[in-house]
Amino acid sequence: MSDLVLPAERVMAEPGELGRFGEHGGRFVPESLVPACARLEEGFREAWSDPSFHRDLERLLTVYAGRPTALTPAWRLSAELGITVLLKREDLAHTGSHKINNVLGQALLARRMGKTRLLAETGAGQHGVATATAGALLGLGVTVYMGEKDIERQALNVFRMKMLGAEVVPVTSGSRTLKDATSEAMRAWVTCLDEAHYCLGSVMGPHPYPWMVREFQRVIGDEARRQSAAELSTGIPDYVVACVGGGSNAAGTFAGFADTGARLIGVEAAGGAAVASGRTGVLHGFRSYLLQDENGQVSEAHSIAPGLDYPGVGPEHAYLNDIGRARYVTVSDEEVVPAVHRLARTEGILPALESAHAIAWVIRAAESGELPPFSTVLVTLSGRGDKDVATLMEAPAPTGAPAPTGAPVPTGAPVPTGAPAPMEAPALKEAPALKEEQ
């Protein structure tokens, strides 16, 4: 796949002062917010070029957030699918998701810039919990805006935020989900620019947020690349897969592999597929693909995963799609729930509904033959599924789930020269401890 290799400076690079990724990105904000965005860009550039800032952030990521997170071979699922699946375990990071990487970076930056409060929006609650956590750690006040519908779906995370000292403000307008929470948080920011930093949770919003958040999440891809080199005989996986709402975990993961031959796959929720079904528009300060009706009004998105229930996608993802460096696919709610059960039963890992979108696509692609036998696939598990248990209890139980043990071995597939059979840990440098038990 050497034809896919692009110079690193051409993709996932700094977007410049205008914050553009091709025709996407930019800074479309009210006049009152322009100085705040400019000061934030200046503050981030200064911090990002300061070795002491990097030392402080790396120390927090190590001793507080628990990095590096593991790269776990999914042995039984790999055997069932006839491919090699590696899981980048952001669910093991402190607070249970990748969100802590970005939030610790922004909280350190906010304190460096003299801010005393953090404002945030949240859908699944994971960004809200991470922001409340960082605020408690660094002594910053925290206010989190959350749609009323998401408050009902994510009661556990709401309780966690409040325990950590954050104020949770219900948003009752519109669809009462992430889009409306983001709008309300941005409106609130205008009223307190001097003391508050808006801690945006994904690679969206006005410049410099998409670039800044991607850089704070780049640690996922950089770690995964080093770990893949140690784990795989090929060094680089054939496919790198991550779920995409706004797209922060995918952007961070892709950043580590953008200059390699790995095929990058972003998995959107079918009801929130901005890349697959959207058109160019402006929302929340940035230009990108948005779900819109025939009159150009932003449409409501739907997903069983609150974190993917957003009608737009980060501008860099729109650009990666435009230039063909990444491919974006969709998965339905009906495929996601079985994927959660299947990973839980085969690997003992309960993924977040958001992350399960990526797993669902891998399962579908492997079983349909879209993924060639013996492919190596890295999947980022962006978060853990504890928060989604109530939703899963109400969802119809999947039928035809594989037995929890004795996973079948795919037969009949041609064996590439030098590639061992899947049950013998294909393409991995070391056999797993589970091999003898299988």
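The values are calculated or read from the model by the stated rules, or taken from the named source; none is laboratory data. Fair warning: this is a prediction, and the values are worked out from it, not measured in the lab. Cβ placement follows ideal geometry from the backbone for every residue including glycine, while neighbour counts extend to all protein chains displayed. Please note that ligands, DNA and RNA were not included when accessible areas were found on the heavy atoms of the full protein model with its side chains. Shrake-Rupley method; radii C 1.70, N 1.55, O 1.52, S 1.80 Å.
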Open item on the list: Can you confirm whether L108 is over 30 Å from S175 (Cα atoms), over 19 Å from the mean Cα position of the chain (by Cα) and assigned by the TED database to the domain that holds A36?
Closed with: yes
Open item on the list: Could you tell me how many of the residues in the range 211-244 are open to solvent by 10 Å² or more (accessible area, probe 1.4 Å) and more than 19 Å from A262 (Cα to Cα)?
Closed with: 2
- [ ] Please verify whether the range 97-107 includes one or more residues that are modelled with pLDDT of 95 or more and not in a helix (DSSP H, G or I).
- [x] yes
- [ ] Pull up the range 371-404, narrow it to residues that are open to solvent by 10 Å² or more (accessible area, probe 1.4 Å) and among the hydroxyl-bearing types (S, T, Y), then point me to the one that is farthest from E90 (Cα to Cα).
- [x] T399
TODO: Could you identify the single residue in G125, G82, G114, G96 that is open to solvent by 30 Å² or more (accessible area, probe 1.4 Å) and on the phi > 0 side of the Ramachandran plot?
DONE: G114
TODO: State which residue pairs qualify: first residue assigned by the TED database to the domain that holds P170 and outside any loop (DSSP other than H, G, I, E, B) and inside the range 185-208, second residue among the acidic types (D, E) and open to solvent by less than 10 Å² (accessible area, probe 1.4 Å) in any location, beta carbons under 6 Å apart, and separation of 6 or more residues or different chains.
DONE: A185/E121
Task: L156 being in the same structural domain as V241 (by the TED database) and either open to solvent by 20 Å² or more (accessible area, probe 1.4 Å) or assigned to a helix (DSSP H, G or I) (or both) - done: no
Open item on the list: Kindly evaluate A181 against the criterion of being within 27 Å of G26 (Cα to Cα) and out of contact with any Leu (no Cβ under 6 Å at 6 or more places or on another chain).
Closed with: yes
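Within the group V267, V331, V313, which residue is modelled with pLDDT of 95 or more, over 23 Å from D238 (Cβ atoms), open to solvent by less than 10 Å² (accessible area, probe 1.4 Å) and within 18 Å of the chain's Cα centre (by Cα)?
That would be V313, the only listed residue that is modelled with pLDDT of 95 or more, over 23 Å from D238 (Cβ atoms), open to solvent by less than 10 Å² (accessible area, probe 1.4 Å) and within 18 Å of the chain's Cα centre (by Cα).
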- [ ] Being open to solvent by 60 Å² or more (accessible area, probe 1.4 Å) and of a type outside the set (K, R) is the filter; apply it to the range 49-79 and report the residue that is nearest to H341 (Cα to Cα).
- [x] P68
Open item on the list: open to solvent by 70 Å² or more (accessible area, probe 1.4 Å) and under 23 Å from the mean Cα position of the chain (by Cα): is that true of R89 in this structure?
Closed with: no
Open item on the list: Being touching a strand residue (DSSP E or B) at 6+ places or on another chain (Cβ under 9 Å), assigned to a loop (DSSP other than H, G, I, E, B) and at negative phi is the filter here; which residues of the range 356-391 pass it?
Closed with: L371, S375, S382
Open item on the list: Quick check on A36: is it outside the structural domain of S248 (by the TED database) and modelled with pLDDT of 95 or more?
Closed with: yes
TODO: Go through (1) touching a helix residue (DSSP H, G or I) at 6+ places or on another chain (Cβ under 8 Å); (2) surrounded by fewer than 22 Cβ atoms within 10 Å (Cβ to Cβ); (3) without any contact (Cβ under 8 Å) to a residue 40 or more places away in the chain and name the single condition S368 misses.
DONE: (1)
TODO: Would you mind telling me which numbered condition in (1) under 30 Å from A390 (Cβ atoms); (2) in a strand (DSSP E or B) G307 fails?
DONE: (2)
- [ ] Exactly one condition in (1) in contact with a Leu (Cβ under 9 Å, 6 or more places away or on another chain); (2) farther than 23 Å from L308 by Cβ; (3) among the basic types (K, R) is not met by R89; state its number.
- [x] (2)
TODO: Give the residue that is modelled with the highest pLDDT, with candidates limited to residues of the range 272-304 that are farther than 22 Å from H207 by Cα, open to solvent by less than 10 Å² (accessible area, probe 1.4 Å) and in contact with a strand residue (DSSP E or B) (Cβ under 6 Å, 6 or more places away or on another chain).
DONE: A273
